[in-house]
Every structure is written in C-alpha cells, then in structure tokens.
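Data first, discussion second: the structure below is written as structure tokens.
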Amino acid sequence: MTDEQERYVVGVDVGGTKLRVALADRAGVIVRRRTVPTRAEQGRNAVLARIVAEIRAVLEPLPLPCLERVAVAVPGPVDPWKGVVYRPPNLPGWGDVALKSILEEELTVPVLLGNDANLAALAEHRFGAGRGLSHLVYVTMSTGVGGGVINADTLLLGAWGGASEIGHMTIDLNGPLCSCGNHGCLEAMASGTAIAREAAHRLASGVTSTLLARIDGNLEALEAHHVVDAAEQGDKLAQSVLEWAAYNLGVGLANIMHLYDPQIIVIGGGVAAAWSLLEPALRRAIRERAMDVYARRVGIVRSQLGDDVGLLGAVAFALEGMSVL
C-alpha cells in the first residue's frame, strides 16, 4: 500500500469500565468505532485479549497492512518510551505491564502507549478547545483528578513519563487522606470521590438534606452524581459540598497557572458536567489565590470533546507518533 489515503491508525482508550476503540484516517477522522465493557475484574489476560479482539474488529473488512500504527491510552503511570504501564489503578492485578511489546507481538504493527490524561491534553490541543494554541493544561475532574500539559506544542512528560500528576499536588497540609497515601492532595479534595466522601461526612454529622432520601439512608451508597443531582434541585448541603470542591479545584488551578503559565486550562471529566454549579467558587479561588497577571490572562474553559477525549488523544498520538513527546 503506497496511497496515503489507504492508511489508517487505531486509537484505544482503556478505562476501568469501558474500552473504546476507533479506526481513523490520516486526517484524524474516525471512520469506525466500538465500545465494549472493559470487564477489568476478569483480570489482565482477559482484558488484553479483549483489546486485541476489538482492534481486529474495528479493522474489518480492511486488511491488516492498512493499519499504520496503534496508540493506547491507559490510566496510571506510563513510560511511553519503554511502553510500560505501572500498576494502573482501575485495572486490578495488572502490575507492571509491557503493553507495547505485548500488543506489537499480537498485531505486528507499531504500538504507542500513553497516560490517558496526557493524551486527553493532546486531544484538546489538536481537536478541541486548545486548537491554535501552543500552551495548554487539561484537568479531568472525575473519580480522581488528573491532568496533562502541552508546552510549546509538545507533551510535557518529565524524565520517566510521570510529569503532570496534577491530582497529587498538596493543597492542604492537614487535608484528608488520598488514595496515594498522602494527605491533602487535590484529588482528595476536588474529585468525585472527594465530593461523595465530604457529603457523607456532613450527613453523618446530622446536617439535613434531601440526599438521604436519594440513597435510602445508606451513606455507603452515596456517589458524586447524587450530590450533583441534589444540588441542581436546590439542596443546600449538596450545593455547599460542590462549592467546597470547586474552590479546592480553583486553588489547584492557581498553582497550575504559576507552574506552567498556560494560555488556557481545559476542564473535563464527569463532574465537570456540573460546570454552572462549580464555576463561581472555582473562579473566586483563582481571584484570591493566583497572581493578578495570571488570573487575567489564562482562560478557563470546559472540554469540547467530552467522553471521547481519551480516545481522540490516542488517535492524535497514533497519527503523530513519538514526535509529540
């Protein structure tokens, strides 16, 4: 095959719940896609087999030689040069996995591996809210808090690929315990998990709220979406919790402005769907915490790519290869 129009790439987004696979042409246009449950509880080998099967399925009926490159977005620390993912948190039992070499052996095509939040930043830069800009930070506010940094049109990864772990900057020395073992991380104070935990704590202290009826009084069943739904219906406790989380996120964004001096910060993730409830406290924190020159010039916007941001990031990585690093 010598015709460039007959060459394709595949992007893969491996989430703890869903596995997304897309076939894209050389212009980055998705021509075929598939979404299936990850079924992470079945273990590493089952998930790896499912990834290979879905890549093959999205290629049908094209011959394998049409496939130029595959790029995979995965959660957790990643060394993109070695192609190794280190103990991804949403994929139990994986340990340290040389995913690049495993997939290359199965597919006989080049495979690239990247952290999902880093590739989400790449997606917003190439296809979304950051098009035309050279300096961008992407922050995801979901079950956890993660991020990626585009500096001078390239991903900022650090020495071993572990840079831009935005969710694990400390914003309160005496704050709540984070899943990483530290206290007061941004993730422990602004994520969906943090929102549910804070709301449950306030309910346990006796604060009145419609949230109890939504979860039949079972505090262990409380999730962030319950808090968002209640806040949208005017529940004062829920609104207060979201304001708390949004202010904490704003503190983190002020730090990000000072660290990276971006043109724009893009906010994505499931919790960001409640943007109208989050934005006032977030911007108040930035006004109070960021130096004025940063607060005035750095744009804060929502993601334009929604749930597809990780998948499109993998597509962009597959198209451009290691040149983006």
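Residue-by-condition table, conditions (1) of a type in the set (S, T, Y); (2) in contact with a strand residue (DSSP E or B) (Cβ under 9 Å, 6 or more places away or on another chain); (3) closer than 24 Å to P176 by Cβ; (4) in contact (Cβ under 8 Å) with a residue 60 or more places away in the chain:
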site	(1), (2), (3), (4)
L222	no, no, yes, no
V228	no, no, yes, no
Q233	no, no, no, no
E243	no, no, yes, no
N248	no, no, yes, yes
Q263	no, yes, no, yes
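To keep it simple, each residue is scored yes or no on (1) closer than 25 Å to A273 by Cα; (2) buried (at least 19 other Cβ atoms within 10 Å of the Cβ); (3) in contact with an Asp or Glu (Cβ under 6 Å, 6 or more places away or on another chain); (4) at pLDDT 95 or above.
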site	(1), (2), (3), (4)
T170	yes, no, no, yes
M189	yes, yes, no, yes
A196	yes, yes, yes, yes
H201	yes, no, no, yes
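Inspect segment 291-304 for any residue being modelled with pLDDT under 95, among the small types (G, A, S), assigned to a helix (DSSP H, G or I) and not assigned by TED's automatic domain parsing to the domain that holds V72 and give the result as yes or no. Yes, because at least one residue in segment 291-304 is modelled with pLDDT under 95, among the small types (G, A, S), assigned to a helix (DSSP H, G or I) and not assigned by TED's automatic domain parsing to the domain that holds V72. Going by the conditions given, is L91 outside the structural domain of Y138 (by TED's automatic domain parsing) and either modelled with pLDDT of 95 or more or over 19 Å from T17 (Cα atoms) (or both)? So L91 fails the test.
So that you can scan it fast, the table gives a plain yes or no per residue for (1) of a type outside the set (A, V, I, L, M, F, W, C); (2) assigned to a helix (DSSP H, G or I); (3) out of contact with any Asp or Glu (no Cβ under 8 Å at 6 or more places or on another chain):
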residue: E41; (1), (2), (3): yes, yes, yes
residue: N45; (1), (2), (3): yes, yes, yes
residue: A57; (1), (2), (3): no, yes, yes
residue: P89; (1), (2), (3): yes, no, yes
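Screening the candidates V266, V251 for the property of being touching a helix residue (DSSP H, G or I) at 6+ places or on another chain (Cβ under 6 Å), of a type in the set (A, V, I, L, M) and not in a helix (DSSP H, G or I) yields one hit, V266. Filtered by the rule that a residue be out of contact with any strand residue (DSSP E or B) (no Cβ under 9 Å at 6 or more places or on another chain) and free of Cβ contacts under 8 Å to residues at least 40 places away in the same chain, segment 103-152 gives E105, R131, G132, A152.
For A121, are the conditions met, namely being within 17 Å of V12 (Cα to Cα) and either aliphatic (A, V, I, L, M) or assigned by TED's automatic domain parsing to the domain that holds E223 (or both)? The answer is yes for A121.
The values are calculated or read from the model by the stated rules, or taken from the named source; none is laboratory data. Computed from a predicted model, the values in this text were never measured in an experiment. With ideal geometry, Cβ positions are generated from the backbone for all residues, glycine too; neighbour counts draw on all protein chains shown.
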